[in-house]
1. Can you tell me what the convex hull of the Cα atoms of chain B projects to on average, as an area in nm²?
2. Roughly what % of Cα-Cα distances in the range B:56-112 sit above 12 Å, to the whole percent?
3. At 20 °C and 1.002 mPa s, grab the translational diffusion coefficient of the protein assembly as shown from Stokes-Einstein with a Kirkwood Rh over Cα pairs, rounded to a whole number in µm² per second.
4. Where only protein heavy atoms count, and the probe is 1.4 Å, what is the accessible area per residue for the protein assembly as shown in Å²?
5. Using alpha-carbon positions, what is the distance between the centroids of the range A:69-112 and the range B:41-112, in Å?
6. Label A:Ser18 and A:Lys42 with points 7 Å out from Cα along Cα→Cβ: what is the distance between them in nm?
7. Pairs of Cα atoms under 8 Å, at least six residues apart: use those to get the relative contact order of chain A, whole percent.
8. Can you list residues whose amide H is under 5 Å from B:Asp56's amide H, if they're 5+ apart or on another chain and H is modeled 1.01 Å from N?
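The values are calculated or read from the model by the stated rules, or taken from the named source; none is laboratory data. Note that the structure is a prediction, hence the values are computed from the model and not measured. Here the Cβ positions follow ideal geometry from the backbone for every residue, glycine too, while neighbour counts run over all protein chains shown. Each accessible area value is taken on the protein alone, full model and side chains, heavy atoms only, with ligands, DNA and RNA left out. Shrake-Rupley method; radii C 1.70, N 1.55, O 1.52, S 1.80 Å.
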Amino acid sequence: GENVEQHPSTLSVQEGDSAVIKCTYSDSASNYFPWYKQELGKRPQLIIDIRSNVGEKKDQRIAVTLNKTAKHFSLHITETQPEDSAVYFCAASNSGFQKLVFGTGTRLLVSP
Amino acid sequence: EAGVAQSPRYKIIEKRQSVAFWCNPISGHATLYWYQQILGQGPKLLIQFQNNGVVDDSQLPKDRFSAERLKGVDSTLKIQPAKLEDSAVYLCASSSQGETQYFGPGTRLLVL
């Protein structure tokens, strides 16, 4: 089955810096890659997703890149703000089955 | 649009007791998921329903966990008997025809 690895487990940056979180997946049939943000004690919320027919997607300060050959995808956050502090999870699925397999999470801390 | 609803929000039980969680998905969403999120880890799929049929329950510990989705709308997840290692947040999610899954607030279970 699918296995998703995520790095780093923790990331500390200064406000205004960029943050990059990387994930690798094992199943070459996976074709949908969402990223979720989870604040302490709250539900995971979708922040951006990418499908395998696209190499990059941007939404304001957030971007995701996908390298299907290497089977890895990354989340890029620019001009980080303290409210970006949270745990970020990547996930992968084969849309035919819709089962999401999550990474282990990255705790992002943005210091003012 | 109303989000995914779950109850109760918190539950404390003794080991070997039973417990049940309830989920009401977003109106019109045919697919419903139950995830288990242990502290410090990503969500792990327990069971996936398409309408009232089970699509995937490969990671559901069937000797103690059961779930149903009568009439293809609300769903309940039951644990009987509970073990200490069942302490976790139980997240319900739903999706429409696409892959985007929307999560509920979760039920935080503590087994003593």
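1. Values: hull surface 26.2 nm².
It is 6.6 nm².
2. Values: 1194 of 1596 pairs.
It works out to 75 percent of all Cα pairs.
3. Working: Rh = 18.1 Å.
Taking Rh from Cα pairs, D becomes 119 µm²/s.
4. Counting only protein heavy atoms, the per-residue value for the protein assembly as shown is 50 Å².
5. Each part's Cα centre sits 22 Å from the other's.
6. Distance between label points: 2.6 nm.
7. Values: 282 pairs, mean separation 41.4, N = 112.
Computed over chain A, the figure is 37 percent.
8. B:Gln48
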